[in-house]
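The structure appears right after this line, and notes come after that.
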Amino acid sequence: MEEMKSEEAERRLPEIDIHGTAFIVDVAFSELREKGKADNCISFHELDNVPSGGYFLWYDKKRKQAADIYSDDSQVVAVHLDEMVKNDPLGMSSKYGIALADLPERDVDCRFDASILARRENEVPIVKILDNHYLMDIPSGILKPLDKAGPTINMREFSWDGNVDKSFFYYDYEERKRVIIPPDIMEEPKNVVLVVLPNIFFMDREFPQNVLRDQGSATPQTYYPTRVFPLSETIIPALIEENKRMSTARVPKKGFHI
């Protein structure tokens, strides 16, 4: 099952092939995400700009990730990728508020439409999680259900990814609340999905933009996307399997023991 219906899921995101593995190009979250595996992503921050255009990446074929010190050198290959304005012009247009016809040739030349960001100053952001809409009270870090049904959700309790481009939490779509997955989980919870949002700091109008630039983080966006994934595409099934294996290993065998 691919990404569940969410804010931008009405548009099928483009895919690219990297050594036989399909990756979804998700410019809203600045990442290449392995199709069907929401937890395996290559951040745009791991790509090196090529002066003549595009990007360069040392790719680990076995782990299907950017190569690092844990990679087997025999599995590492050089990969060249196109500019994101070529891989996903619609996504770049939406992210920066630039008309398709006005997109530059290089990603580095994309600039936000100041008028759109100015209009956003007077707007209360709304995000859609499946069929539920939430007002984003960014100063207080709270998601408030638009229909006032169900509990509020504290965004400051969300987890962050390693590149701080996005935050995520597990969501019970029946009770419409955030849930915590215990590390010793043994059974997959019902009615729970993984929800991914931009990092709250990228949505804070008062957060100094020069700090974001100094950190090399993603820039603010002209809209607030969400991504919703079934647990089958997360690390939860592997965690449950490992917990069951460890539990079985700890069960003492019958018979005489010293």
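Residue-level check: of (1) modelled with pLDDT of 95 or more; (2) within 17 Å of Tyr224 (Cα to Cα), Asp26 misses just (1).
Conditions (1) surrounded by 17 or more Cβ atoms within 10 Å (Cβ to Cβ); (2) at pLDDT below 95; (3) farther than 25 Å from Leu143 by Cα, marked per residue:
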{"residue": "Asp165", "(1), (2), (3)": "yes, yes, no"}
{"residue": "Val193", "(1), (2), (3)": "yes, no, no"}
{"residue": "Arg205", "(1), (2), (3)": "no, yes, no"}
{"residue": "Thr248", "(1), (2), (3)": "no, yes, yes"}
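Here is the figure for segment 142-172: residues that are more than 25 Å from Val27 (Cβ to Cβ) and outside any strand (DSSP E or B) total 9. Considering the conditions (1) over 29 Å from Phe158 (Cα atoms); (2) outside any strand (DSSP E or B), His80 is excluded by exactly one of them, (2).
Quick one: count up the residues across segment 11-49 that are in a strand (DSSP E or B), of a type in the set (D, E, K, R) and either surrounded by fewer than 18 Cβ atoms within 10 Å (Cβ to Cβ) or out of contact with any Leu (no Cβ under 7 Å at 6 or more places or on another chain) (or both).
Residues in segment 11-49 being in a strand (DSSP E or B), of a type in the set (D, E, K, R) and either surrounded by fewer than 18 Cβ atoms within 10 Å (Cβ to Cβ) or out of contact with any Leu (no Cβ under 7 Å at 6 or more places or on another chain) (or both): 6 in total.
Residues of segment 126-141 that are touching a helix residue (DSSP H, G or I) at 6+ places or on another chain (Cβ under 8 Å) and part of a strand (DSSP E or B): Met136 alone. Within segment 50-61, the set of residues being free of Cβ contacts under 8 Å to residues at least 40 places away in the same chain, part of a strand (DSSP E or B) and of a type outside the set (Asp, Glu) comprises Tyr55, Phe56, Leu57, Trp58. Residue pairs whose Cβ atoms lie under 8 Å apart, separated by 6 or more positions or on different chains, with the first residue in segment 62-90 and on the phi > 0 side of the Ramachandran plot and surrounded by fewer than 19 Cβ atoms within 10 Å (Cβ to Cβ) and the second at pLDDT 95 or above and among the charged types (D, E, K, R), are Lys64/Glu34. Contact map, segment 124-148: first residue under 21 Å from Asn199 (Cβ atoms) and acidic (Asp, Glu), second residue surrounded by 15 or more Cβ atoms within 10 Å (Cβ to Cβ) and at pLDDT 90 or above, Cβ cut-off under 7 Å, separation 6 or more or different chains; pairs are Asp137/Lys144.
The values are calculated or read from the model by the stated rules, or taken from the named source; none is laboratory data. Predicted, not measured: the structure shown is a model, and the values here were computed from it. Counting neighbours? That spans all protein chains shown, and the Cβs are built from the backbone with ideal geometry, glycine included.
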